[in-house]
1. Let me confirm something: among LYS56, LYS95, which residue is over 19 Å from LEU19 (Cα atoms) and either out of contact with any Gly (no Cβ under 9 Å at 6 or more places or on another chain) or of a type outside the set (A, V, I, L, M, F, W, C) (or both)?
2. Being assigned to a strand (DSSP E or B), among the β-branched types (Val, Ile, Thr) and under 19 Å from GLU3 (Cα atoms) is true for just one of ILE50, ILE66, ILE83. Which residue is that?
3. In the set LYS49, LYS56, LYS7, LYS69, which member is open to solvent by less than 80 Å² (accessible area, probe 1.4 Å), on the phi < 0 side of the Ramachandran plot and among the basic types (Lys, Arg)?
4. Can you work out which of the residues in the stretch 3-23 that are aliphatic (A, V, I, L, M) and touching a Phe, Trp or Tyr at 6+ places or on another chain (Cβ under 8 Å) is nearest to PHE96 (Cα to Cα)?
5. Residue pairs, Cβ under 7 Å, 6 or more apart or interchain, first in the stretch 14-41 and part of a loop (DSSP other than H, G, I, E, B), second of a type in the set (Gly, Ala, Ser). List them.
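The values are calculated or read from the model by the stated rules, or taken from the named source; none is laboratory data. Being a predicted model, the structure only gives us computed values, none of them experimental. As a convention, Cβ positions derive from the backbone with ideal geometry for all residues, glycine included, and neighbour counts pool all protein chains shown. Just the protein is used for accessible areas: all its heavy atoms, side chains included, with ligands, DNA and RNA removed. Shrake-Rupley method; radii C 1.70, N 1.55, O 1.52, S 1.80 Å.
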Amino acid sequence: MIELTSKQRKYLEKEAHDLQPVVIVGGAGVTDGLIQMADNSLAAHELIKIKFNEYKDEVRELTAQICEKCNATLVRIIGFTAILFREAEEPEDRKFKL
């Protein structure tokens, strides 16, 4: 996980504005399959949104779990949607210039 400055957070928030959630937390909660889906999405896109349809009282805790298991950084939680970022491993694959 990397530490983001406020300037980097604002930049990533702006980039995530038009993104649709690619991972939905439903009745099953945070399962291994959901973690795998988030991990694959981060590998492909670097920046993703996760929407919480269930467990709305535990958004912060569950998002922290997902970030830890996926080695991602939380950009921001807005309502019941979390924005996560993980920089691509290869410099030529990076979409966002931080």
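1. None of the others qualify; the one that does is LYS56.
2. ILE83
3. Details: LYS56 fails: open to solvent by less than 80 Å² (accessible area, probe 1.4 Å); LYS7 fails: open to solvent by less than 80 Å² (accessible area, probe 1.4 Å); LYS69 fails: open to solvent by less than 80 Å² (accessible area, probe 1.4 Å).
Among LYS49, LYS56, LYS7, LYS69, only LYS49 is open to solvent by less than 80 Å² (accessible area, probe 1.4 Å), on the phi < 0 side of the Ramachandran plot and among the basic types (Lys, Arg).
4. Filtering the stretch 3-23 for residues aliphatic (A, V, I, L, M) gives 4, 12, 16, 19, 22-23.
Within this subset, residues satisfying the condition of being touching a Phe, Trp or Tyr at 6+ places or on another chain (Cβ under 8 Å) are 4, 12.
Details: LEU4: 13, LEU12: 8 Å.
In this case the residue turns out to be LEU12.
5. Filtered contacts from the stretch 14-41: VAL22/SER41.
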